[in-house]
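Novice: Sharing a structure, written as structure tokens. Questions coming.
The values are calculated or read from the model by the stated rules, or taken from the named source; none is laboratory data. All values reported here derive from a predicted model rather than from experimental measurement. Backbone-built Cβ (ideal geometry, glycine too); neighbour counts: all protein chains shown. Keep in mind that these areas ignore ligands, DNA and RNA; they rest on the heavy atoms of the full protein, side chains included. Shrake-Rupley method; radii C 1.70, N 1.55, O 1.52, S 1.80 Å.
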Amino acid sequence: MDETNSPLVPCPRCSREMRSATVKTAVWRDDCLFVVEDIPARVCDSCMEQFYDEETTEALRRLTEGGFSSVKAKREILVPIFSLEEQIRKRTSSEEEVHVDY
């Protein structure tokens, strides 16, 4: 997306202004994790939604439906995997309720 000629577009979710950006996403296919980068998108800095045009959506669909076998990987990375098993602590009624929004 050419940022200099892109019209200002309101976010469909929150109506704030979006900007053109290049993003990446993670896709799980069975037990394999794939990262796709260099994705042209419209990004809302207010609600963090990302929107793709039809051509980009179609390219992502072809890549994922093909099981990522249609192109050679640009690079590979080692991804550490963490678990929350046995990490979640149950609150007691005396503890203050803390709300964290990710």
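Novice: Residues of the range 13-34 being part of a loop (DSSP other than H, G, I, E, B) and either open to solvent by less than 100 Å² (accessible area, probe 1.4 Å) or among the β-branched types (Val, Ile, Thr) (or both), which ones?
Specialist: CYS14, SER15, listed by residue number.
Novice: I've got another one for you. Output the residue which, of all residues in the range 1-23 that are modelled with pLDDT under 90 and of a type in the set (Val, Ile, Thr), is farthest from GLU54 (Cα to Cα).
Specialist: Checked the range 1-23; the qualifying residue farthest from GLU54 (Cα to Cα) is THR4.
Novice: In the range 35-59, which residues are in contact with a helix residue (DSSP H, G or I) (Cβ under 9 Å, 6 or more places away or on another chain) and either assigned to a loop (DSSP other than H, G, I, E, B) or touching a residue at least 24 places away in the same chain (Cβ under 8 Å) (or both)?
Specialist: Hits for the range 35-59 are VAL36, PRO40, ALA41, TYR52.
Novice: Restricting to the range 60-78, what's the tally of residues that are open to solvent by 70 Å² or more (accessible area, probe 1.4 Å) and in contact (Cβ under 8 Å) with a residue 24 or more places away in the chain?
Specialist: 2
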